Amino acid sequence: MNEQNEITEDHADTPEKNLAETSHGTAAVPKLFKRFGRELAMQFLFQCDVAGMDDFAESLENFWTQAELSGEFPDAKTYRKARAYAEKIIAGVCEHEADIDQIISDASSHWEISRMPVVDRNIIRVAVFELHYCPDIPALVSINEAIEIAKDYSSDKSGIFINGLLNAVKDKLPPHSKIPAGKKAAGSLEEEEN
């Protein structure tokens, strides 16, 4: 339990939470805006991967309409913050997709990115974006969140695969590229929204 508290401390100062039942029907767990944001980003990226993007802006707006009407959010503030974080991830992954996919390919010696399950590929893309482009989020938080999202959206074995791949990505990060857990970067998303 202590390890879980350390790993999710990027959520510690956000009181918004939602008690949502996991896909396995187990007890409810708190969901915070960054987790929602990661899940929303993964879902939109999955949708783009499967259906393509004829009109990105229209697809994204339709996605947000469906998300808002889903009833998954306990209140408007949680939805706004989750959406803002998801939009940051989506924009970042789209902008750096070629680099992110190369990083994934380099870390995955036995799997071509095109052969990875679509859900796993997009969970990994979200985490790699955070690892490389969000220095205020501790690496272990990004990895743990990816594993937890995989438990809800993918197969039982996906968490092991994702953990191994993301740890390989983390091990190749330049020293001091991440701010230690418990410290915030100036201008971080939480700072801007509080």
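Any chance you could count how many residues in region 103-114 are in contact with a helix residue (DSSP H, G or I) (Cβ under 9 Å, 6 or more places away or on another chain) and more than 21 Å from E148 (Cα to Cα)? Working first, answer last.
So in region 103-114, the residues in contact with a helix residue (DSSP H, G or I) (Cβ under 9 Å, 6 or more places away or on another chain) come out as 103-109, 111-114.
Filter once more, keeping what is more than 21 Å from E148 (Cα to Cα): 103, 105-106, 109, 111-112, 114.
Qualifying residue count for the region: 7.
Anything in region 128-175 that is part of a helix (DSSP H, G or I) and touching an Asp or Glu at 6+ places or on another chain (Cβ under 7 Å)? List them, or say none.
Answer for region 128-175, where residues must be part of a helix (DSSP H, G or I) and touching an Asp or Glu at 6+ places or on another chain (Cβ under 7 Å): V141, S142, I149, A150, S158, F161, I162.
Does V118 meet the test of being surrounded by 20 or more Cβ atoms within 10 Å (Cβ to Cβ) and either touching a residue at least 60 places away in the same chain (Cβ under 8 Å) or touching a helix residue (DSSP H, G or I) at 6+ places or on another chain (Cβ under 7 Å) (or both)?
Against the criterion (surrounded by 20 or more Cβ atoms within 10 Å (Cβ to Cβ) and either touching a residue at least 60 places away in the same chain (Cβ under 8 Å) or touching a helix residue (DSSP H, G or I) at 6+ places or on another chain (Cβ under 7 Å) (or both)), V118 does not qualify.
Determine the pairs where a residue that is closer than 10 Å to I123 by Cβ, located within region 33-56, has a partner that is surrounded by fewer than 18 Cβ atoms within 10 Å (Cβ to Cβ) with Cβ atoms under 7 Å apart, the partner being 6 or more residues away or on another chain.
F46/V118
Going by the conditions given, is E58 more than 14 Å from E39 (Cα to Cα), part of a helix (DSSP H, G or I) and over 17 Å from the mean Cα position of the chain (by Cα)?
yes
Can you confirm whether region 159-171 contains a residue that is open to solvent by 40 Å² or more (accessible area, probe 1.4 Å), acidic (D, E) and at pLDDT 90 or above? Walk me through how you get there before you give the answer.
We begin by selecting, within region 159-171, every residue open to solvent by 40 Å² or more (accessible area, probe 1.4 Å); these are 160-161, 163-164, 167, 170-171.
Those left that are additionally acidic (D, E): 171.
Retained after the next criterion (residues that are at pLDDT 90 or above): 171.
Yes: region 159-171 contains one or more residues that are open to solvent by 40 Å² or more (accessible area, probe 1.4 Å), acidic (D, E) and at pLDDT 90 or above.
Being at pLDDT 85 or above and either crowded, with 17+ Cβ neighbours inside 10 Å or over 30 Å from D101 (Cβ atoms) (or both) is the requirement here; does A12 meet it?
Working: at pLDDT 85 or above: no; either crowded, with 17+ Cβ neighbours inside 10 Å or over 30 Å from D101 (Cβ atoms) (or both): yes.
In short, no.
What are the residues in region 79-93 that are among the hydrophobic types (A, V, I, L, M, F, W, C) and touching a helix residue (DSSP H, G or I) at 6+ places or on another chain (Cβ under 8 Å), if any?
Here is the first cut: in region 79-93, the ones among the hydrophobic types (A, V, I, L, M, F, W, C) are 82, 84, 86, 89-91, 93.
Correct list: A82, A84, A86, I89, I90, V93.
How many residues does region 58-74 contain that are open to solvent by less than 70 Å² (accessible area, probe 1.4 Å) and of a type outside the set (S, T, N, Q)?
Step one: list which residues in region 58-74 are open to solvent by less than 70 Å² (accessible area, probe 1.4 Å), which gives 59-60, 63-65, 67, 70-71, 73-74.
If we keep only those that are of a type outside the set (S, T, N, Q) as well, we get 60, 63-64, 67, 71, 73-74.
Qualifying residue count, region 58-74: 7.
Considering only residues that are surrounded by fewer than 16 Cβ atoms within 10 Å (Cβ to Cβ) and of a type in the set (K, R), look in region 75-85 and name the one that is farthest from N122 (Cα to Cα). Walk me through how you get there before you give the answer.
Of region 75-85, the ones surrounded by fewer than 16 Cβ atoms within 10 Å (Cβ to Cβ) are 75-77, 80, 84.
From what is left, the residues that are of a type in the set (K, R) are 77, 80.
On the way: K77: 26, R80: 22 Å.
Restricting to residues being surrounded by fewer than 16 Cβ atoms within 10 Å (Cβ to Cβ) and of a type in the set (K, R), the top hit is K77.
Select from region 86-102 the residues that are surrounded by 15 or more Cβ atoms within 10 Å (Cβ to Cβ) and over 19 Å from A150 (Cα atoms) and list them in ascending order.
Residues of region 86-102 surrounded by 15 or more Cβ atoms within 10 Å (Cβ to Cβ): 86-90, 92-94, 96, 100-101.
Within region 86-102, E87, K88, G92, C94, H96 qualify.
Residue-wise test of (1) modelled with pLDDT under 95; (2) on the phi > 0 side of the Ramachandran plot; (3) open to solvent by 10 Å² or more (accessible area, probe 1.4 Å).
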position: S114; (1), (2), (3): yes, no, yes
position: R125; (1), (2), (3): no, no, yes
position: A146; (1), (2), (3): no, no, no
position: P180; (1), (2), (3): yes, no, yes
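The values are calculated or read from the model by the stated rules, or taken from the named source; none is laboratory data. Just so it is clear, the structure is predicted and the values come from calculations on it, not from any experiment. Quick reminder, even Gly has a Cβ in these numbers, built from the backbone with ideal geometry, and neighbours come from all protein chains shown. Note: areas computed on protein heavy atoms with side chains; ligands, DNA, RNA excluded. Shrake-Rupley method; radii C 1.70, N 1.55, O 1.52, S 1.80 Å.
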